[in-house]
1. Below 8 Å, C-alpha to C-alpha, sequence gap of six or more: please give me the relative contact order for the stretch 112-252 in percent.
2. How much length is gained on full extension from Asp134 to Trp62, taking 0.36 nm per residue of separation minus their Cα-Cα distance?
3. How high is the relative contact order of the chain? Use alpha-carbon pairs under 8 Å, at least six apart in sequence, and give a whole percent.
4. Can you work out the Karplus-derived ³J(HN,Hα) for every residue in the stretch 184-197? Use 6.51 cos²θ - 1.76 cosθ + 1.60 with θ = phi - 60°, whole Hz, and x for glycine or proline.
5. Just order 163-170, 138-145, 14-21 by mean Cβ neighbour count inside 10 Å, highest at the front, would you?
6. Heavy-atom accessible area of Arg226 with all protein chains present, probe 1.4 Å, nearest 10 Å²?
7. For the chain, what does the accessible surface come to per residue with a 1.4 Å probe? Please give it in Å².
8. Output wanted: per-residue J couplings in Hz (rounded whole) for the stretch 85-97, from phi through Karplus 6.51 cos²θ - 1.76 cosθ + 1.60, θ = phi - 60°, x for Gly and Pro.
Amino acid sequence: MRIPVIRGIIDRRILVNYHVDPRVLAPLLPAPFRPKLVHGLGMVGICLIRLKDIRPTWLPRWLGINSENAAHRTAVEWDEGGAVREGVYIRRRDTNSRLNALAGGRLFPGIHHHAAFTVYETPERFEVALASDDGVTSMAVRGHVTDRLPESSVFGSVEEASAFLQAGELGDSATPDPARFQGMRLRCRTWQVEPLQVEGVRSSFFEDEALFPKGSIQFDCALLMRGIEHEWHGQADLCCVVGGPSYETMQPAGAA
């Protein structure tokens, strides 16, 4: 899929990260992906992003759209053209925009499921929650800006965490075809993160013990980005031989 270059503002982006046993994570990834490791552990998470003034580069800002969005991500590597590539595999996207839900997978990469978002924030505190219309996804996080990572984080510093996540600028989204993934590359004019001290976090997906047995996954850290000018660049679809679980089999039990 090829799309026009899309530009806008990342008004707020919270990256909620969990580290996970790679032996548990690997079977959950479709081919050709494998976990990208940090200090021997896999890294998964949810990106909660509010976008403003989103439009093709040739449109004026006043015609841009705003939306709240969430993406369930896994840091991955794969082999392509004799080289090792890296990015994030996006198993699911949710949005409060009816337009995004309609156009996702058609006009731009990734199927988008409609969801209700509840947001409360000040310059120092953030609370974001979502519940999808189809009942599959629910999550919430609340916390405040701080200057350090949790002691339980596998990252040795904010700088190390930032560099690891910045390397995941290429995202490949699941589609109904288990052998095809729609790609998008995020290019930020600047890259600046702030750690969040998380006071509470829950996720219907990462707390599903049928997928992540008790003790195999743990909250790692959360990072905040805000006020970032950026562009989205569509990439050629990634196609492969079917060898892993399909989009449908990755839905939690009881999913529609």
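The values are calculated or read from the model by the stated rules, or taken from the named source; none is laboratory data. As the structure is a computational prediction, the values presented were derived from the model and not from experiment. All Cβ positions, glycine included, derive from the backbone under ideal geometry; neighbour counts span all protein chains shown. Heads up: the accessible areas ignore ligands, DNA and RNA and are worked out on the full protein's heavy atoms, side chains in. Shrake-Rupley method; radii C 1.70, N 1.55, O 1.52, S 1.80 Å.
1. Numbers: 231 pairs, mean separation 37.0, N = 141.
Reported as a whole number, the value is 26 percent.
2. 22.7 nm
3. About 26 percent, as a whole number.
4. Ordered by residue, 3J(HN,Hα) equals 8, 10, 8, 10, 9, 5, 9, 10, 9, 10, 10, x, 10, 7 Hz.
5. 14-21, 138-145, 163-170
6. In the full protein context, Arg226 sits at about 80 Å².
7. Values: 11590 Å² over 256 residues.
With the other protein chains kept in place, the chain gives 45 Å² per residue.
8. 9, 9, x, 10, 8, 10, 7, 7, 10, 10, 8, 8, 8
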